[in-house]
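The values are calculated or read from the model by the stated rules, or taken from the named source; none is laboratory data. Values in this document were obtained by computation on a predicted structure and should not be read as measured data. A quick note on method: Cβ atoms are made from the backbone with ideal geometry, for glycine too, and the neighbour counts reach across all protein chains shown.
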Amino acid sequence: MIVEMKKEFLPKVDETNIKKEEEMWRLKLPADYRAFLLETNGGIPQKNEFTYNNRKRMIESFLCILEDTENSEFGSYDIDVVLTQIEDRLTDNEDLVGCEVLPIAELFAGDYLCMDFRKDKDSPEICIWSHEESEELDPVTYKVANTFTEFVGMLYNA
């Protein structure tokens, strides 16, 4: 298991669900994150803290992929729902179709952990998107790790 969970979101996803989302987002998810989605599809991790810039940060929950967000108690944790809410603050390209910065986890206090595909479409960095500093067409992100696997290795319990 990539990440041990306290609580998992249901239903599970399969390759068809993931490929559908990738087409809509116009990006290809890295294998380690894809495996994570197939195994857990988001949820609340056992180890939910990490340190960035000498500051403790906490994951509220990893986001999920849902086919029906309106009839699910987990709809607010769906990646597409979050994208809809903040998408104009995740890019500096008003003509962008798809996305370049993909939220993957909600952090305590309103920020999101994201995959940043802007530098490398094949190997996205893991970053923190700052909701307080970001404005429309002016995202502010801070690199945390080179890969999802590297980031998972940073998680611990307080």
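Summary of values
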| item | result |
| --- | --- |
| Strands (runs of 3 or more DSSP E) enclosed by segment 52-158 - at least 3 residues per element that are over 24 Å from Arg34 (Cβ atoms) and more than 12 Å from the chain's Cα centre (by Cα) | 55-62 |
| In segment 1-31, the residues that are surrounded by fewer than 14 Cβ atoms within 10 Å (Cβ to Cβ), among the basic types (Lys, Arg), more than 18 Å from Val82 (Cβ to Cβ) and at pLDDT 95 or above | Lys19 |
| Residue selected from segment 69-91 under the condition of a type outside the set (Val, Ile, Thr) and in contact with a Gly (Cβ under 8 Å, 6 or more places away or on another chain), by the criterion modelled with the highest pLDDT | Tyr77 |
| Of all residues in segment 92-115 being within 13 Å of Ser134 (Cβ to Cβ) and either in contact with a Cys (Cβ under 6 Å, 6 or more places away or on another chain) or surrounded by fewer than 20 Cβ atoms within 10 Å (Cβ to Cβ) (or both), the one that is modelled with the lowest pLDDT | Asp92 |
| The listed residue being of a type outside the set (Val, Ile, Thr) and out of contact with any helix residue (DSSP H, G or I) (no Cβ under 8 Å at 6 or more places or on another chain), out of Glu106, Glu150, Glu136 | Glu150 |
| Selected residue [in contact with a helix residue (DSSP H, G or I) (Cβ under 6 Å, 6 or more places away or on another chain) and either among the basic types (Lys, Arg) or touching a residue at least 12 places away in the same chain (Cβ under 8 Å) (or both)] from Ile126, Ile86, Ile79 | Ile126 |
| One residue from Arg57, Arg34 being out of contact with any Phe, Trp or Tyr (no Cβ under 9 Å at 6 or more places or on another chain), at pLDDT 95 or above and surrounded by 15 or more Cβ atoms within 10 Å (Cβ to Cβ) | Arg34 |
| Residue selected from segment 129-158 under the condition under 18 Å from Gly43 (Cα atoms) and touching a residue at least 60 places away in the same chain (Cβ under 8 Å), by the criterion surrounded by the most Cβ atoms within 10 Å (Cβ to Cβ) | Phe148 |
